[in-house]
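Input: a single structure, listed below in structure tokens.
The values are calculated or read from the model by the stated rules, or taken from the named source; none is laboratory data. Just so it is clear, the structure is predicted and the values come from calculations on it, not from any experiment. Cβ: placed from backbone, ideal geometry, glycine included. Neighbour counts: every protein chain shown. Only protein heavy atoms, including side chains, enter the accessible area calculation; ligands, DNA and RNA are left aside. Shrake-Rupley method; radii C 1.70, N 1.55, O 1.52, S 1.80 Å.
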Amino acid sequence: DAMLRVQMRIEIAKLHKALSTTMIYVTHDQVEAMTLADRIVVLDRGAISQVGTPMELYQTPANKFVASFIGTPMMNFLAAEATASHDRDATVRLPGGRDLTVTTRGRLEARGERGVEVGIRPEHIRLGAPDDPGASLGGTVQILERLGNATVMYVDTSAGQIVVQEEGDVAARVGETVGVIFNSSRAHVFAAGGLAC
């Protein structure tokens with residue numbers, strides 16, 4: 001029961017504040033983890049993937065597992081090819097041949113054939129005209145989920161399905177051809193083994 005889960009989260013948060021003591025809460029629900037925790041330990045098959053505050057995990061995931069676990073809707077992942085790098089700036093080629101310049105956490109040694117994955121959260125993407133010069137990909141809107149406070153859009157692109165979330169209602173329509181515009185400053189790059197780079 002969704003409403004009961006929300007009420008229980010509130011009660012647990014009140015209890016934690018009233019007791020003013022350390023509590024360990026184990027959950028598979030990332031919303032519960034994000035809303036109740038001061039610090040989160042993300043386990044992947046029994047091994048610690050990352051430890052940090054909820055926002056540290058959300059903004060700087062250590063690997064693809066953490067990036068995919070934290071956030072609703074889930075982060076989008078696209079296969080890409082690193083084509084150039086200078087210090088922490090890197091250029092990656094997306095499916096369809098368009099380049100995206102991203103900032104990495106460390107130096108990314110690009111050799112042209114190096115396969116990476118670009119991760120970007122749905123709220124860091126917006127839709128524009130199909131011929132928008134800032135578009136990273138082109139696509140067709142397949143599904144719209146109008147949630148009132150936000151609209152979630154599923155867009156079919158050459159890189160696969162991309163999920164986009166915008167605040168409020170949007171003018172997009174199912175079947176419409178659109179440009180998919182990434183906020184490159186919010187993109188993440190993952191090496192072949194899944195580690196953030």
Hey, can you tell me all the residues within region 41-60 that are in contact (Cβ under 8 Å) with a residue 12 or more places away in the chain, loosely packed, with under 15 Cβ neighbours inside 10 Å and farther than 22 Å from Val163 by Cα? Asp44, Val51, Thr53
Residues in region 14-35 that are assigned to a helix (DSSP H, G or I) and closer than 16 Å to Thr53 by Cβ total 7
Let me spell it out: the conditions are (1) over 20 Å from Thr72 (Cβ atoms); (2) open to solvent by 10 Å² or more (accessible area, probe 1.4 Å); (3) over 20 Å from the mean Cα position of the chain (by Cα), and Val178 meets all of them except one. Which number is the exception? (2)
Tell me, please, whether a residue that is in contact (Cβ under 8 Å) with a residue 60 or more places away in the chain and either in contact with a Pro (Cβ under 8 Å, 6 or more places away or on another chain) or open to solvent by 30 Å² or more (accessible area, probe 1.4 Å) (or both) can be found in region 140-155. yes
Within region 58-71, is even one residue on the phi > 0 side of the Ramachandran plot and either of a type in the set (Ser, Thr, Tyr) or touching a Gly at 6+ places or on another chain (Cβ under 6 Å) (or both)? no
Among the residues of region 23-32, are any without any contact (Cβ under 8 Å) to a residue 12 or more places away in the chain and hydroxyl-bearing (Ser, Thr, Tyr)? yes
Quickly run through region 61-70 and pick out the residues that are closer than 21 Å to Ile181 by Cα and either polar (S, T, N, Q) or surrounded by fewer than 19 Cβ atoms within 10 Å (Cβ to Cβ) (or both). Ser68
What do you reckon, is Ile10 open to solvent by 80 Å² or more (accessible area, probe 1.4 Å), free of Cβ contacts under 8 Å to residues at least 24 places away in the same chain and either part of a loop (DSSP other than H, G, I, E, B) or more than 19 Å from Leu195 (Cβ to Cβ) (or both)? yes
Can you tell me which residue within region 78-96, out of those that are within 21 Å of Ala67 (Cα to Cα) and small (Gly, Ala, Ser), is most open to solvent (accessible area, probe 1.4 Å)? Ala79
Is it the case that some residue within region 108-117 is of a type in the set (Asp, Glu), open to solvent by 10 Å² or more (accessible area, probe 1.4 Å) and under 19 Å from Ala62 (Cβ atoms)? yes
May I ask you to list pairs of residues, at least six apart or on different chains, whose Cβ atoms are under 6 Å apart, with the first in region 78-98 being within 22 Å of Val164 (Cα to Cα) and the second being among the β-branched types (Val, Ile, Thr) and surrounded by 15 or more Cβ atoms within 10 Å (Cβ to Cβ)? Leu78/Val118; Ala80/Val92; Ala80/Val116; Ala80/Val118; Val92/Val118; Arg93/Thr83
Mind listing whichever residues of region 175-188 are β-branched (Val, Ile, Thr) and closer than 15 Å to Ala159 by Cβ? Val178, Val180, Ile181
For region 159-172, how many residues are more than 19 Å from the chain's Cα centre (by Cα) and more than 15 Å from Gly138 (Cα to Cα)? 4
